[in-house]
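Inspection log for the structure reproduced underneath, given as structure tokens.
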Amino acid sequence: MQIPAKGKSVADVKAQLEAFSTRDLPWREGKTLAYIYDAGTDVEEIAKWAYMRYLTENALDPTVYPSMMLMENELTAMASAHLGGVAGVVGNFTSGGTESCMLAVKTARDWARNVKKIAQPEIILPVTAHAAFHKGAHYLDMKKVLVPVDPKTYKADPDAIEKAMTPNTAMIVCSAVSYAHGVLDPIEAVGAIAQKHNVLFHVDGCIGGFLLPFFKRLGAKLGVFDFRVPGVTSMSMDWHKYAYCPKGASVILHRNKDYRQHMIYAAAEWTGYTVINPTIQSTKSGGPMAAAWATLNYLGDDGYMRFAKRIYDATQIIVEGIRSTPGLRLVGEPDLNLVAFTANDYSCFHLVDAMKERRWFIQPQFGLMGSEANVHLSIGQNMFDRAREFAADLKACAEECRDKGFSQIASMVKAEVAKGAGQNPDPAMIGQLMQAAGIEDGQLPRKAAELNQILNVLPPKLIEYALIQFMNDRYMYRPSK
């Protein structure tokens with residue numbers, strides 16, 4: 001495909017883009033329980049206006065656009081006040097949770113090298129820690145030390161963390177809350193361990209950090225999780241989740257400037273302008289930052305408390321709906337609005353397909369690293385009006401799926417894996433698995449329960465290999481048929 005020889009009309013460009021979106025999830029229906037954070041049209045309007053107002057401004061150089069630094073400092077000050085209000089906390093605006101988490105890893109690596117003179121720093125990760133930290137360790141050449149969590153609560157285990165400590169440990173990570181099960185790790189206990197061993201301690205509040213203070217004000221029984229805990233040296237929190245700001249908008253906070261200096265990058269050994277970057281990006285549009293600033297100021301604490309109450313109530317309705325549905329049970333007791341549940345007598349992945357037929361999008365999660373296969377829900381404020389409808393549809397789908405059982409193909413694959421098959425994966429073997437799961441010409445099947453069950457029985461490294469092969473094949477231009 002080439003750039004068009006002649007430019008198209010505005011109408012044609014808009015029509016083509018609209019056509020592209022016809023296969024996307026219909027999130028405006030309010031039935032998508034992952035990826036989307038819908039605050040309503042009034043919030044969307046002011047956020048879009050601010051985004052477009054600062055679309056072309058560049059936060060690369062705050063001497064050219066001082067408004068960017070002004071907004072960034074105000075956003076980080078609001079984040080600091082929200083997460084404990086401890087004096088001295090500093091931070092920066094990032095493009096999302098992954099960038100914030102990777103910057104925490106970069107800080108730990110350089111702090112360990114520069115301050116503790118550790119040549120090969122290690123990072124302790126409970127198996128519930130977000131994949132962004134695995135990505136950060138991979139990109140930044142940090143050794144991951146994975147530790148188990150409590151098998152019933154899915155919360156980080158302080159004893160397992162302390163046993164994993166070595167002279168090379170640079171940082172411990174815990175979650176507030178974990179994405180998969182929505183539980184709050186024992187931050188105070190782990191903070192004490194971090195202090196004892198003089199290592200950095202990052203609390204990942206990307207998905208839960210903004211909402212947790214509101215839930216506490218609503219009466220939720222939650223421990224302290226922010227900078228008020230001695231030992232916490234950094235935190236991440238996304239604005240584009242439950243602060244309902246447009247993507248991508250997050251923040252990385254450090255207890256003081258001494259820690260943050262290890263995050264900042266500068267380069268003068270070339271012939272161009274001197275590069276100085278607090279975050280990973282250099283050039284970055286001012287749109288997300290301005291939109292975040294506008295959204296926070298438009299909604300205010302009272303608006304967010306109203307949203308939090310809607311989320312809190314919707315979560316209680318849906319959790320009770322799961323508890324009262326025969327054959328379903330929670331996987332972990334959620335501390336926030338993230339809920340995981342499974343089915344006793346059949347693959348829970350059938351529920352994902354059945355709910356999709358009713359235009360609900362719910363997210364499958366594999367049974368890995370001590371968890372069991374489950375379905376994940378991220379419950380937003382827009383679910384308040386549909387929570388009872390969701391619970392009723394889930395109960396009906398559970399009845400529909402009662403006799404579907406488990407995949408025979410997945411059982412055979414599991415048996416082969418147990419014999420050692422797949423230790424040295426190759427594209428041909430992966431192709432056979434994908435074909436058995438119903439993938440043809442790189443297209444996912446309309447119903448994915450079979451595919452998910454097959455992937456669910458594979459070892460994590462084989463799943464990673466299969467997904468890389470699949471994505472590597474999909475990101476190729478194919479002429480329309």
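The values are calculated or read from the model by the stated rules, or taken from the named source; none is laboratory data. Fair warning: this is a prediction, and the values are worked out from it, not measured in the lab. Using ideal geometry, Cβ is built from the backbone for each residue, glycine included, and neighbour counts are taken over all protein chains shown.
Kindly provide the set of residues from segment 155-165 that are more than 11 Å from Ile123 (Cβ to Cβ) and surrounded by fewer than 24 Cβ atoms within 10 Å (Cβ to Cβ), ordered by number. Break it down into steps so the answer makes sense when it comes.
Kept after step one, since they are more than 11 Å from Ile123 (Cβ to Cβ), are these residues of segment 155-165: 155-163, 165.
Hits for segment 155-165 are Lys155, Asp157, Pro158, Asp159, Ala160, Glu162, Lys163, Met165.
Listed here are the residues, each with its yes/no results for (1) in a helix (DSSP H, G or I); (2) surrounded by fewer than 24 Cβ atoms within 10 Å (Cβ to Cβ).
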| residue | (1), (2) |
| --- | --- |
| Tyr139 | yes, yes |
| Lys152 | no, yes |
| Met171 | no, no |
| Val183 | no, no |
| Glu188 | yes, yes |
| Phe201 | no, no |
| Phe225 | no, no |
| Val232 | no, no |
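Which is outside the structural domain of Tyr179 (by TED's automatic domain parsing), closer than 27 Å to Ile187 by Cβ and at pLDDT below 95, of Leu368, Leu336?
Leu368
Suppose we keep only residues that are within 24 Å of the chain's Cα centre (by Cα), among the polar types (S, T, N, Q) and outside any strand (DSSP E or B) within segment 371-417. Which one would you say is nearest to Gln432 (Cα to Cα)?
Ser371
Being among the acidic types (Asp, Glu), assigned to a helix (DSSP H, G or I) and closer than 30 Å to Gly300 by Cα is the filter here; which residues of segment 1-44 pass it?
Glu29, Asp42, Glu44 - these are the residues of segment 1-44 that are among the acidic types (Asp, Glu), assigned to a helix (DSSP H, G or I) and closer than 30 Å to Gly300 by Cα.
Among the residues of segment 97-104, is there at least one that is among the charged types (D, E, K, R), buried (at least 17 other Cβ atoms within 10 Å of the Cβ) and without any contact (Cβ under 8 Å) to a residue 12 or more places away in the chain?
no
Within segment 353-370, can one find any residue that is under 28 Å from Tyr304 (Cα atoms), outside any loop (DSSP other than H, G, I, E, B) and of a type in the set (D, E, K, R)?
no
Please go through segment 45-87 and give me each residue that is assigned to a helix (DSSP H, G or I), of a type in the set (D, E, K, R) and in contact (Cβ under 8 Å) with a residue 24 or more places away in the chain, ordered by number. Outline the logic, then answer.
First pass over segment 45-87, keeping only residues assigned to a helix (DSSP H, G or I): 45-53, 66-82.
Then keep just the ones that are of a type in the set (D, E, K, R); that gives 45, 48, 53, 72, 74.
Scanning segment 45-87 gives Lys48, Arg53, Glu72, Glu74.
So which residues in segment 8-33 are under 20 Å from Phe361 (Cα atoms), β-branched (Val, Ile, Thr) and surrounded by 10 or more Cβ atoms within 10 Å (Cβ to Cβ)?
Answer for segment 8-33, where residues must be under 20 Å from Phe361 (Cα atoms), β-branched (Val, Ile, Thr) and surrounded by 10 or more Cβ atoms within 10 Å (Cβ to Cβ): just Thr32.
Quick grid of which residues meet (1) over 19 Å from the mean Cα position of the chain (by Cα); (2) modelled with pLDDT under 95:
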position	(1), (2)
Lys247	no, no
Val251	no, no
His254	yes, no
Lys257	yes, no
Arg260	yes, no
Tyr265	yes, no
Val275	yes, yes
Gly287	yes, no
Ala291	yes, no
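Looking at (1) part of a loop (DSSP other than H, G, I, E, B); (2) of a type outside the set (Asp, Glu); (3) free of Cβ contacts under 8 Å to residues at least 40 places away in the same chain; (4) closer than 24 Å to Asn374 by Cβ, can you tell me which one Pro334 breaks?
Evaluating Pro334 over (1) part of a loop (DSSP other than H, G, I, E, B); (2) of a type outside the set (Asp, Glu); (3) free of Cβ contacts under 8 Å to residues at least 40 places away in the same chain; (4) closer than 24 Å to Asn374 by Cβ leaves (3) as the failure.
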